[in-house]
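Where a number appears in this text, it was derived from the coordinates with a stated rule and is not lab data. Keep in mind the model is a prediction, meaning the values are calculated, not measured. Counting neighbours? That spans all protein chains shown, and the Cβs are built from the backbone with ideal geometry, glycine included.
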Ligand SMILES: [Zn+2]
């Protein structure tokens, strides 16, 4: 193992406080947020479990960079709306399109400053 690798090799977290691995050396069950998202997962309340440290020579941001890792075993599926939630959303949106004056679904969200559909607002103006 090269010297630079050994520097960031700390699976027990003795040096860095949390388990630390060099670039490409982390165990497969630890994933970045981006990797979790790509797999349809979210951290699910767990904190950062480990980190990957590497030395970057990128212009403008040289130095040691870190990527935080989460444990897939604690990860949960990404939240999707339940049928009841979708129902409530549909109702709320319908309410925003329904004119209180004529009671019709205008087909668009009513302008806030009018509070009624454009037809009724036109009648008022006339
Ligand atoms: Zn109306």
**Asked** Got the relative contact order for the chain handy, in percent, Cα pairs under 8 Å and 6 or more residues apart?
**Response** 17 percent
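From the Cα trace of region 11-68, what convex hull volume per residue do you get, rounded to a whole Å³?
Hull volume normalised by residue count: 103 Å³.
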**Message:** With n ≥ 4 as the cut-off for DSSP H runs, can you work out [θ] at 222 nm for the chain, using -39500 (n - 2.57) per run divided by the number of residues, rounded to the nearest 500?
**Reply:** -7500 deg cm²/dmol
**Message:** So if each residue of separation counts as 0.36 nm, and I subtract the Cα-Cα distance between residue 34 and residue 93, what length gain in nm does that give?
**Reply:** 18.1 nm
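Evaluate Rg over Rh across region 48-87, taking Cα atoms for both radii and Kirkwood's formula for Rh.
Details: Rg = 18.1 Å, Rh = 13.5 Å.
Using only Cα positions, Rg/Rh for region 48-87 is 1.33.
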**Prompt:** How big is D, in µm² s⁻¹, for region 66-123 by Stokes-Einstein at 25 °C and 0.890 mPa s if Rh is the Kirkwood radius over C-alpha pairs?
**Reply:** 168 µm²/s
**Prompt:** What nm distance separates the two modelled labels at residue 113 and residue 56, each placed 7 Å from Cα along Cα→Cβ?
**Reply:** 4.5 nm
**Request:** Kindly provide the pair-distance distribution of the chain built from C-alpha pairs, with 10 Å bins from 0 and whole-percent values in order of increasing distance.
**Result:** 12, 24, 17, 11, 13, 14, 8, 2, 0
**Request:** Using DSSP, restrict attention to beta bridges with both residues in the chain and report what percent are antiparallel, rounded to the nearest 5.
**Result:** 80 percent
